[in-house]
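Below is one structure, written out as structure tokens; comments come after it.
The values are calculated or read from the model by the stated rules, or taken from the named source; none is laboratory data. Note that the structure is a prediction, hence the values are computed from the model and not measured. Because the Cβ atoms are built from the backbone with ideal geometry, glycine has one as well, and the counts that use them run over all protein chains shown. All accessible areas refer to the heavy atoms of the entire protein, side chains included, with ligands and DNA or RNA removed. Shrake-Rupley method; radii C 1.70, N 1.55, O 1.52, S 1.80 Å.
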Amino acid sequence: METTVGDILHCEEQLRSTLHSDDKEKLRRKLAELQREYLRTAQRLQRAERLEAVQKHVRSRIAEQNHLEQRDTEAASNLRLNPSSLIPNSSGDTAQGLTLSQRHTEGPAESDNSRRNQAAAGGILVDACCFPGSSDTLCVAAAGKWAVCLWSQASASEWKLIHTWTFSEPVISVFHVPDAAGLICVTLGQLEIREVRVLSCSSLMQILLCEGILQAVIGVSRSRVVTTSHSATGSTLQVFTLSDYSSPSSQTLVSPGVCVGALALVDGLPDALIGTDEGGHLFVWNLKTGQLLCRVLFGEGFSHTACLRGYSSCGVLFVLLQHQFLSSLEDEEKEGKIKDPKTAFFSLVAINPLSGKSIPATQLYPPETWAGRLCEADVSGSGVVGLSQNGCACVWELGHPGASRMVWAPESEGWQLARWGGSNTLVTGHHNGDVTLYCYSQNSRCC
């Protein structure tokens, strides 16, 4: 029997007529429940997709970091640091110092080793520092772009790689914290400091000390690290006291109301800190109380200087300043105010902390053989080392400002950095990534 369209319509009409209101309500509730279940299922699928995307990204980052760590570790594991000896003669002849340096670093045996050595940080060298380790041995922390390698002196001519720390941000600098046994700091960021981390040479752990855009970070006596950052009210200065066994404690220094760009410690006053701004002001703090003790305005020609070190002697504060922009000094030379036609790299200024008055004490000039601008400088005690843009280093002695000693590097191995590793050790980094330690005899410095 065939079913016609009329029969179907008739059946639908009968079904509608037989449905009661309760049945219609049940159908509506059922439909609403199905819609809710559908929405929940769709949301679960979306969450699963997002989770899978996050997991994929995390796996990719982990694989990338593992690859970087393996590359840096493998490259650094073959390195043996090359200790050399540089003992300048007392006659002031720079050629003798050059001859002694070449005798140790360019002899037949040493030249072979220098060719075989790899970069101390597993790649291009960014920074390095030298500090005493356990059992009267030396340690060297060599920083590459993404890692810091810790080396320890195994014997007079052999070095052992202890550990490699890797980071997700580029390394800017690495330095040892004074009076802190086996603690070093590393600053990270792109062009500007964004993180400061503490590395322990004993536990081989690292902790985040602080983060944010910072202008300067230095280590001072009694295991302390000081940071400065710009704020709406000038600068925010924080003092962190480090320990290998407890979390760092912090203290805030009184803000001077301006932006401080450079910080330095004061020899002879472990609780004193000095800082300078671009306007030629010097600030002195008490690290114990956090008080701003005094501010000093330097005279003409010191508007763009950075403090490198302070010295306390008989109630007088001496401050070593590095000239960053030399236009003001050049103007003085044209006007005949400076008798010496050479441009000073550093100035030592004497300050009366009570009255705030200051007078120039002496200036340090480059030697005749110097060429190019001053790239960087470092101070240890009364010794100042500066590096030129063509890879040559010069050592000045504050006690004898007229006597400066050039320490030449071979043209094929221009030096990239020069640091003091204590009063008798000069640490140099080469453009190929090698780190070299030189023994610098203070007794043999020129008189």
Convert each backbone phi in the stretch 314-323 into a coupling constant with the Karplus relation 6.51 cos²θ - 1.76 cosθ + 1.60 (shift: θ = phi - 60°), then list the ³J(HN,Hα) values in order as whole Hz, x for Gly and Pro.
6, x, 9, 9, 9, 10, 8, 10, 9, 7
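Roughly speaking, to the nearest percent, how much of the stretch 211-319's 1.4 Å accessible area is carbon and sulfur?
Values: 2460 of 4620 Å².
Percent of accessible area from carbon and sulfur atoms in the stretch 211-319: 53.
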Mean accessible surface per residue for the stretch 189-260, computed with a 1.4 Å probe while every protein chain stays in place, in Å²
48 Å²
Given H placed 1.01 Å from N in the peptide plane, which residues other than close sequence neighbours of His431 have an amide H under 5 Å from its amide H?
Gly414, Gln416
Theoretical FRET efficiency, 1/(1+(r/R0)^6), r = Cβ-Cβ of Asp244 and Tyr38, R0 60 Å, to 0.05:
0.55
Long-range amide H partners of Ala262, meaning residues 5 or more apart or on another chain whose placed amide H is closer than 5 Å, are Thr276
For Leu287, the residues 5 or more places away or on another chain with a placed amide H closer than 5 Å to its own amide H are Ala272, Leu273
Residue-wise HN-Hα coupling along the stretch 250-262, computed from phi with Karplus coefficients 6.51, -1.76, 1.60 (Hz; x: Gly, Pro)
10, 9, 9, 8, 5, 6, x, x, 10, 8, 8, x, 9
In sequence order, calculated HN-Hα J values of the stretch 160-173 (Karplus, 6.51, -1.76, 1.60; Hz; x Gly/Pro)
10, 6, 8, 6, 10, 9, 10, 9, 8, 10, x, 7, 9, 7
